[in-house]
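S.K.: Dumping the structure here so I can ask a few things about it.
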Amino acid sequence: MRHVPAVLVIGPADPTSASGVAADVLSVARHGAYPLSVVSEMCLRDTAQFDGRVALDPELVLDQARMILEDVPVAAIKLSVPGSVGLLVALAALVADYGEVPLVLEAPSLMLHEDDGDDSPLAAAVELLLPQAAVLVADAGVSRRLVGSSFEGDEAQLRVEDLGAALCAAGAAHVLVLGAPGGGQVVHLLHGRDGVLRRDAFARAPQPVLGLSSSVSAALAALIAHGGDLAASVPAALRFAHAAEARALRLGMGTAVADRGQGS
């Protein structure tokens with residue numbers, strides 16, 4: 001009987017499939033791992049607008065996650081940071097119980113569309129989830145907001161390199177900051193606790209495309225599940241995400257979405 005590593009993805013149900021569990025399932029499967037999925041929130045959105053996330057009952061989410069974790073040995077967990085403190089606390093306790101399983105933590109760009117006045121979920125993520133993460137994946141804007149939620153000072157003045165350093169100092173083993181300024185290119189920086197480990201540059205997409213951080217983080221989880229070294233797996237995950245972005249689909253009246261279903 002053939003064996004493939006299993007990856008548990010925990011995140012929102014996004015009806016556009018630009019992010020969340022539907023996107024993660026496609027990305028994990030494209031990398032030869034078996035996706036297991038638990039929905040933690042419901043997204044209210046289409047390709048043109050985002051109206052928010054609604055958290056499911058934490059007990060319901062935990063019950064489903066524990067059922068599958070007690071049944072199937074998973075090789076990696078990919079978790080999208082929720083927008084609810086109560087759900088975040090529950091999920092932090094869950095992943096702590098499986099601390100031997102590598103955790104890929106995505107701070108989704110959805111956070112930039114949510115209430116700027118309430119950074120409590122972000123602060124809780126920095127305190128409770130970041131120290132458990134093998135890697136945090138977030139774009140530069142979300143990284144800046146994470147730092148602003150938990151550190152004193154003017155985060156708007158920090159360089160991208162400083163953002164990654166601050167988040168590693170908060171406990172993450174690695175931080176992959178997507179989309180650092182790079183002129184006609186988009187530059188991604190992988191930070192470790194000793195500084196920047198990698199800089200990977202790609203051509204900038206000619207149009208906005210939803211879903212880059214989801215593609216990168218889910219692909220990384222699958223590659224790690226196969227036994228890949230994290231730093232060595234980053235270029236392959238980025239190539240996959242940018243190839244999906246290059247094949248972007250204009251499904252509705254809003255922003256294009258990444259096409260993860262074809263060859264990478």
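S.K.: Can you tell me which of 259, 229 is acidic (Asp, Glu) and more than 18 Å from residue 189 (Cα to Cα)?
M.R.: Result of the check over 259, 229: 259.
S.K.: Looking only at residues in the range 148-169 that are at pLDDT 90 or above and either assigned to a strand (DSSP E or B) or open to solvent by 30 Å² or more (accessible area, probe 1.4 Å) (or both), which one is farthest from residue 233 (Cα to Cα)?
M.R.: Looking at the filtered set, the residue picked out is 169.
S.K.: Then there's this: Regarding residue 184, is this residue open to solvent by 10 Å² or more (accessible area, probe 1.4 Å) and out of contact with any helix residue (DSSP H, G or I) (no Cβ under 9 Å at 6 or more places or on another chain)?
M.R.: yes
S.K.: Another one. Considering only the range 199-251, state which residues are among the polar types (S, T, N, Q) and touching a residue at least 60 places away in the same chain (Cβ under 8 Å).
M.R.: If the condition is that a residue be among the polar types (S, T, N, Q) and touching a residue at least 60 places away in the same chain (Cβ under 8 Å), then 213, 214, 215, 217 are the ones that fit.
S.K.: Does the range 208-223 contain at least one residue that is farther than 17 Å from residue 43 by Cβ, part of a helix (DSSP H, G or I) and either among the basic types (Lys, Arg) or open to solvent by 20 Å² or more (accessible area, probe 1.4 Å) (or both)?
M.R.: Taking every residue of the range 208-223 in turn, at least one turns out to be farther than 17 Å from residue 43 by Cβ, part of a helix (DSSP H, G or I) and either among the basic types (Lys, Arg) or open to solvent by 20 Å² or more (accessible area, probe 1.4 Å) (or both).
S.K.: Would you tally the residues in the range 189-203 being exposed (fewer than 15 other Cβ atoms within 10 Å of the Cβ), touching a strand residue (DSSP E or B) at 6+ places or on another chain (Cβ under 9 Å) and not hydrophobic (A, V, I, L, M, F, W, C)?
M.R.: Total satisfying the criteria: 2.
S.K.: On to the next question. Could you check the range 13-30 and list, in sequence order, the residues that are buried (at least 24 other Cβ atoms within 10 Å of the Cβ) and either closer than 13 Å to residue 78 by Cβ or within 13 Å of the chain's Cα centre (by Cα) (or both)?
M.R.: Within the range 13-30, 18, 19, 20, 21, 23, 24, 27, 28 qualify.
Residues checked against (1) loosely packed, with under 14 Cβ neighbours inside 10 Å; (2) more than 24 Å from residue 212 (Cβ to Cβ):
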residue	(1), (2)
51	yes, no
57	yes, yes
68	no, yes
71	yes, yes
77	no, no
121	no, no
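S.K.: Restricting to the range 224-264, name every residue that is open to solvent by less than 20 Å² (accessible area, probe 1.4 Å) and in a loop (DSSP other than H, G, I, E, B).
M.R.: Those that are open to solvent by less than 20 Å² (accessible area, probe 1.4 Å) and in a loop (DSSP other than H, G, I, E, B): 254, 258, 260.
The values are calculated or read from the model by the stated rules, or taken from the named source; none is laboratory data. Fair warning: this is a prediction, and the values are worked out from it, not measured in the lab. Backbone-built Cβ (ideal geometry, glycine too); neighbour counts: all protein chains shown. Keep in mind that these areas ignore ligands, DNA and RNA; they rest on the heavy atoms of the full protein, side chains included. Shrake-Rupley method; radii C 1.70, N 1.55, O 1.52, S 1.80 Å.
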